[in-house]
Amino acid sequence: MKLTLRVWRQKNADAPGAMATYEVDGISQDMSFLEMLDTLNEKLIVEGDEPVAFDHDCREGICGACSLVINGDPHGPERTTTCQLHMRTFEDGDTIDIEPWRATAFPVIRDLVVDRSAFDRIIQSGGYVSAPTGSAPEAHATPVPKADADYAFEHAECIGCGACVAACPNGSAMLFTSAKINHLNVLPQGAPERESRVLDMVATMDEEGFGGCTLTGECATACPKGIPLPSIAAMNKEWLRAARRAGRR
Amino acid sequence: MALATRTDRRPSITRTFWGSTVGKKTVMAATGLVMIAYLAVHALGNAKIYFGAGDFNDYGHWLRVMGAPVLHREWGLWIARVVLSASVILHGVSAYQLSRRDIKARSTQYVHKRPRASYATRTMRWGGIILGLFIVWHILDLTTGTVHPGFQEGHPYQNVVDTFSTWYGNVIYIVAMLALGMHIRHGFWSAAQTLGVGNATRDRVLKTVANVLALLLTATFISVPVGVMTGVVS
Ligand code: HEM
Ligand code: FES
């Protein structure tokens, strides 16, 4: 396949950026999108240009590092991560636009790489359980109903890639935050911090400069792990419950 | 089970709500639902226009004596006015502040654009502005009569027929009611999500209720100018 790529190039966080156009040839349909970019970079290096910087790590859809907006869609046209997107989704001769995640809370560091440490700070403010150290507890000591376990697992699938933020017209992190909160709040292990978790994580989300939710549903459409939109309503419910209790104290 | 390991130092409940995007959205949802409830009553009242001037003017009169004899004349009406004004203001201020924040949170747009979200969803802000302006115009037109040449205090039937005998009266009113329908279509369902009553199983039902509510209210409100234009109401 022969492709025309229009790629966002930006030297560093403070430099202005622009789209640059490149031609790549010899792309196989079986290549992943990232392998296609590797091919472009090899060509750029040979020609003495700077390779395009992009995030990636596991390349098997589990780490959440890869983060490209392809033709206006985070992770491209299929519901998967960029590393799991294959070139057979495209046609020979296509022009493909590649941009970084766009959100004020995710500043561009270079080319297609953004700083997603705002997510880490949301997690740090409550996305954990406090457990006493020592030997492992007896497995039957804390039973978890099957329905709750499934619900927790559905939300535990979030890999924190940030596609939800990139897709949201308000740059909102509600879907990510709701996945983390719902995952822990439904489990007995998460119960002691049930209220402080949701209040603190939502507060951090706001402090980091993410926008609010207007329920456009773009986040859930973009999510490679299928975190559903009602997760946001579930988080709102947890937040209202916690806020009322905090007010009663 | 582990104990909570940190002491809470949290602001007052008002600060918690007004200071949070989630809390402020709750204010929008609650005030929006108050306004929808009022509009349902208002639409029923408007429908009385089809039973003639006597019936319709009686309704106008009842608004002034509702709650009597517990409430003094017009007290009920003033309570409703205060609650509604507070709702409009809180709703509008929250909408403004949240929208400002949302726009700032996505300061750079994508070069590759594609349409996002449904029409009703995308038009909430402009639709809301149209509704805000309409509320002001509507009060000046049919409550105070400030912008209504020939306004007759205490003759609502005549005033309504009057308003819808002008082309601009019809245009303003019908455009605003279409905007209202769109706003409620996304707004009612949104409010359910914001208040945490939405979930996967209820989603279909909530969307249907939102659409039916939007359609019924818009149709009832628009039927009045159409009625005047076609001579059903005169
Ligand atoms: C003062 C004029 C108004 C303005 C500026 C305004 C603006 C807005 C905005 C910007 C939103 C959020 C949109 C979104 O989430 O995408 C909204 C939501 C909403 N509006 Fe309005 N609106 C106004 C009047 C009304 C009226 C008259 C009603 C009652 C019929 C209403 C009912 C609602 C409801 C129920 C919501 C959903 C709240 C939520 O998402 O939780 N609004 N409005
Ligand atoms: S590189 Fe790990 S998910 Fe794509």
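Just so you know, all these numbers are worked out from the coordinates, no wet-lab data involved. Bear in mind that the values here come from a model prediction, so they are computed numbers and not experimental data. A quick note on method: Cβ atoms are made from the backbone with ideal geometry, for glycine too, and the neighbour counts reach across all protein chains shown.
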note = Candidates A:Leu175, A:Leu44, A:Leu68; GNM for chain A (alpha-carbon contacts under 10 Å) flags as most fluctuating A:Leu44
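Taking the Cα centre of the protein assembly as shown as origin, sum charge times position over the Cβ atoms of Lys and Arg (+1) and Asp and Glu (-1), and report the length of that vector in debye to the nearest 20. Provide the component values of the computation, followed by the final result.
Values: 46 positive and 45 negative charges, 431 e Å.
For the protein assembly as shown, the charge dipole is close to 2060 debye.
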remark   = For chain B, the longest principal axis of the Cα atoms and the Cα long axis of helix B:124-138 enclose an angle in degrees, to the nearest 10, of 30
inquiry  = Below 17 Å, Cα to Cα, which lysines can A:Lys2 reach? Residues fewer than 8 away in the same chain don't count.
reply    = A:Lys43
Selection from A:Ile227, A:Ile181, A:Leu240, by position along the positive dipole direction of segment A:116-245 (Cβ) = A:Leu240
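Can you pull a Stokes-Einstein diffusion coefficient for the protein assembly as shown at 10 °C (1.306 mPa s), Rh from Kirkwood over Cα pairs, as a whole number of µm²/s?
Values: Rh = 25.7 Å.
Rounded to a whole number, D works out at 62 µm²/s.
I'd like the FRET efficiency for B:His61 and B:Val82, computed as 1/(1 + (r/R0)^6) with the beta carbon distance as r and R0 of 22 Å, rounded to 0.05.
Values: r = 21 Å, r/R0 = 0.94.
Given R0 = 22 Å and the Cβ-Cβ separation, E is 0.60.
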About the Cα centre, charge dipole magnitude for chain B (Lys/Arg +1, Asp/Glu -1 at Cβ), debye = 1680
request  = Pull up the cross-link candidates among the aspartates and glutamates for A:Lys225, meaning alpha carbon to alpha carbon under 12 Å and not fewer than 8 places away within one chain.
outcome  = A:Glu78, A:Glu154, A:Glu157
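Looking at segment A:3-110 only, what percent of DSSP beta bridges run antiparallel? Nearest 5 please. Walk me through the numbers on the way to the answer.
Numbers: 12 of 16 bridges.
Roughly 75 percent of the DSSP beta bridges within segment A:3-110 come out antiparallel.
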key: Helix axis angle, B:75-105 relative to chain B longest principal axis, alpha carbon, degrees   = 40
query = Cross-link list A:Lys237/B:Lys48; A:Lys146/B:Lys113; A:Lys146/B:Lys104; B:Lys24/B:Lys207: which exceed 32 angstrom alpha carbon to alpha carbon?
reply = A:Lys237/B:Lys48; A:Lys146/B:Lys113; A:Lys146/B:Lys104
task = Classify segment A:180-222 as rounded, prolate or oblate, taking a ≥ b ≥ c as the square roots of the eigenvalues of its Cα gyration tensor: rounded when a/c is under 1.5, otherwise prolate if a/b is larger than b/c and oblate if not.
result = oblate
In degrees, nearest ten, helix A:33-46 long axis to first principal axis of chain A (Cα) = 40
query = What is the distance, in nm, between label points placed 7 Å from the Cα along the Cα-to-Cβ direction at B:Glu153 and at A:His140?
reply = 8.3
request  = Compare A:Ala105, A:Ala191, A:Ala147 in a GNM of chain A, Cα atoms joined below 10 Å, and give the one with the largest fluctuation.
outcome  = A:Ala147
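Let's see if you can work this out: charge +1 on each Lys and Arg Cβ, -1 on each Asp and Glu Cβ, no other charges. What is the dipole magnitude of segment A:3-110 about its Cα centre, in debye to the nearest 20? Don't skip to the answer; put the middle values down first.
On the way: 9 positive and 20 negative charges, 88 e Å.
Dipole magnitude for segment A:3-110 comes out near 420 debye.
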